[in-house]
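Each remark here refers to the structure printed beneath this line.
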Amino acid sequence: MTDIPSDTRAAAPSTGEEGAVPRARPARALADPAAERRRARRSRRYRRDVKWSPYALVAPFFLFFLAFGLFPLLYTGWASLHRVELGTPTDMEWVGLRNFSRLLEDDFFWNALRNTFTIGVLSTVPQLLMALGLAHLLNYRLRGSMFFRVAILTPYATSVAAATLVFVLMFSRTDHGMINWGLGLVGVDAVDWQNGDWSAQFAVSAIVIWRWTGYNALIYLAAMQAIPKDLYESAALDGASRWQQFRHVTVPSLRPTILFTCVVSTIGATQLFGEPLLFSQGASPTGGSDHQFQTLGLYLYEQGWFNQHLGRASAIAWTMFLILVLIGLLNWAISRWIRRDA
């Protein structure tokens, strides 16, 4: 028979990783109540910060708008319904719509409105056409393109007073006027730019064209650079010339931008003030000896600050505001038509 081992000692427990006996973990310490309260306060401050910070950041704009935008607009509307003089702005006499009805009977108002429209057309149409052409040239790779982009924006950075005074010298009717000097070289008699009807309006329009063409050109240039290059490559493969690409690719893609610049230029022409004021002799608000280039802005200035009829000036201001509202509605209608057509 086989002997049975007599060693009956129990095997010691293994100390290896597989057979190790897990140690008991210590109980989790209770959280500090003060730390919990601090975390809760920080959480509440964070939620309030996320919720109210955007309103705090935009609040200064609305405060300035209320003080210098909305309140003058409402006060001007209230003053337009009263007979009130600039020297005694607190003495108001209710006249209703009398100030507006007088404008319809005032020949000077209709003259100013007509001049505003004429100068607006003479300045806006050539300005936008030239800006579109300049932007098309700058859209190509040119040496020193950054220099040309800065150069065409220089007139916009020039003050209205400085630019207008230079143009006054250029359009002077005397012998030192550069425009008349140039006309004399080709056998054309000197033109009295400031006292003529169309000549004065053309001269004022030239100032506006010179100042704003570069600004609109950069807007067009930015829009042109956003046009996909694939469209031009497809047109080139179809045999389209540069001019055909401009007509059938560039211009249709710029419709919203062209509409925007037309509206902004029209609004600027409606509010035209500095150029015609400084172009007239002695900075007179009459817009020439025969009111030949008096705009709505000059007519408002004349009624309010020279004749001191604050109620009439307020009525003119609100009439200009209503004209701009109509321009905005027209812009909205045309924009919808363009989107539907596209």
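A Cβ distance below 9 Å, combined with a sequence gap of six or more or placement on separate chains, defines the contacts here; from segment 307-323, residues that are basic (Lys, Arg) reach residues that are part of a helix (DSSP H, G or I) and open to solvent by 30 Å² or more (accessible area, probe 1.4 Å) in the pairs 312/102; 312/300. Filter segment 70-90 down to the residues that are part of a helix (DSSP H, G or I) and of a type in the set (Gly, Ala, Ser), then identify the one that is surrounded by the fewest Cβ atoms within 10 Å (Cβ to Cβ). Checked segment 70-90; the qualifying residue surrounded by the fewest Cβ atoms within 10 Å (Cβ to Cβ) is 77. If only residues of segment 292-342 that are over 23 Å from residue 200 (Cα atoms) and of a type in the set (S, T, N, Q) are counted, the one that is least open to solvent (accessible area, probe 1.4 Å) is 314. Take the conditions (1) part of a helix (DSSP H, G or I); (2) of a type in the set (Phe, Trp, Tyr); (3) crowded, with 16+ Cβ neighbours inside 10 Å; residue 193 misses just one of them, which is (1). For segment 168-190, a residue qualifies if it is in a helix (DSSP H, G or I) and either modelled with pLDDT under 80 or surrounded by 15 or more Cβ atoms within 10 Å (Cβ to Cβ) (or both), and the qualifying residues are 168, 170, 179, 180.
The rows are residues; the columns are (1) of a type in the set (Gly, Ala, Ser); (2) modelled with pLDDT under 90; (3) within 30 Å of residue 321 (Cβ to Cβ); (4) touching a Lys or Arg at 6+ places or on another chain (Cβ under 7 Å).
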{"residue": "75", "(1), (2), (3), (4)": "no, no, yes, no"}
{"residue": "78", "(1), (2), (3), (4)": "no, no, yes, no"}
{"residue": "84", "(1), (2), (3), (4)": "no, no, yes, no"}
{"residue": "88", "(1), (2), (3), (4)": "no, yes, yes, no"}
{"residue": "91", "(1), (2), (3), (4)": "no, yes, yes, no"}
{"residue": "96", "(1), (2), (3), (4)": "yes, yes, yes, no"}
{"residue": "100", "(1), (2), (3), (4)": "no, no, yes, no"}
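Restricted to segment 91-114, and to residues that are charged (D, E, K, R) and assigned to a loop (DSSP other than H, G, I, E, B), which residue is most open to solvent (accessible area, probe 1.4 Å)? Across segment 91-114, the extreme among qualifying residues is 91.
To keep it simple, each residue is scored yes or no on (1) of a type in the set (S, T, N, Q); (2) touching a Ser or Thr at 6+ places or on another chain (Cβ under 9 Å); (3) open to solvent by 100 Å² or more (accessible area, probe 1.4 Å); (4) in a helix (DSSP H, G or I).
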| residue | (1), (2), (3), (4) |
| --- | --- |
| 36 | no, no, no, yes |
| 39 | no, no, yes, yes |
| 57 | no, no, yes, yes |
| 68 | no, no, yes, yes |
| 116 | yes, yes, no, yes |
| 120 | no, yes, no, yes |
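In this structure, residue 187 does satisfy being at positive phi and without any contact (Cβ under 8 Å) to a residue 24 or more places away in the chain.
When every residue of segment 146-158 is checked against the conditions, at least one turns out to be charged (D, E, K, R), assigned to a helix (DSSP H, G or I) and surrounded by 12 or more Cβ atoms within 10 Å (Cβ to Cβ).
The requirement of being assigned to a helix (DSSP H, G or I), surrounded by 16 or more Cβ atoms within 10 Å (Cβ to Cβ) and either at pLDDT below 85 or touching an Asp or Glu at 6+ places or on another chain (Cβ under 8 Å) (or both) is not satisfied by residue 205.
Of the set (1) modelled with pLDDT under 90; (2) in contact with a Leu (Cβ under 6 Å, 6 or more places away or on another chain), all apply to residue 194 but (2).
Selection over segment 278-291 of residues that are in a helix (DSSP H, G or I), of a type outside the set (S, T, N, Q) and either touching a residue at least 40 places away in the same chain (Cβ under 8 Å) or open to solvent by less than 20 Å² (accessible area, probe 1.4 Å) (or both) gives a count of 2.
Screening segment 208-248 for residues that are assigned to a loop (DSSP other than H, G, I, E, B), open to solvent by 20 Å² or more (accessible area, probe 1.4 Å) and not hydroxyl-bearing (Ser, Thr, Tyr) and picking the one that is nearest to residue 266 (Cα to Cα) gives 226.
The values are calculated or read from the model by the stated rules, or taken from the named source; none is laboratory data. All figures in this text were calculated on a predicted structure; none of them were measured in a lab. Using ideal geometry, Cβ is built from the backbone for each residue, glycine included, and neighbour counts are taken over all protein chains shown. Surface accessibility is based on the protein's heavy atoms, side chains included, excluding ligands, DNA and RNA. Shrake-Rupley method; radii C 1.70, N 1.55, O 1.52, S 1.80 Å.
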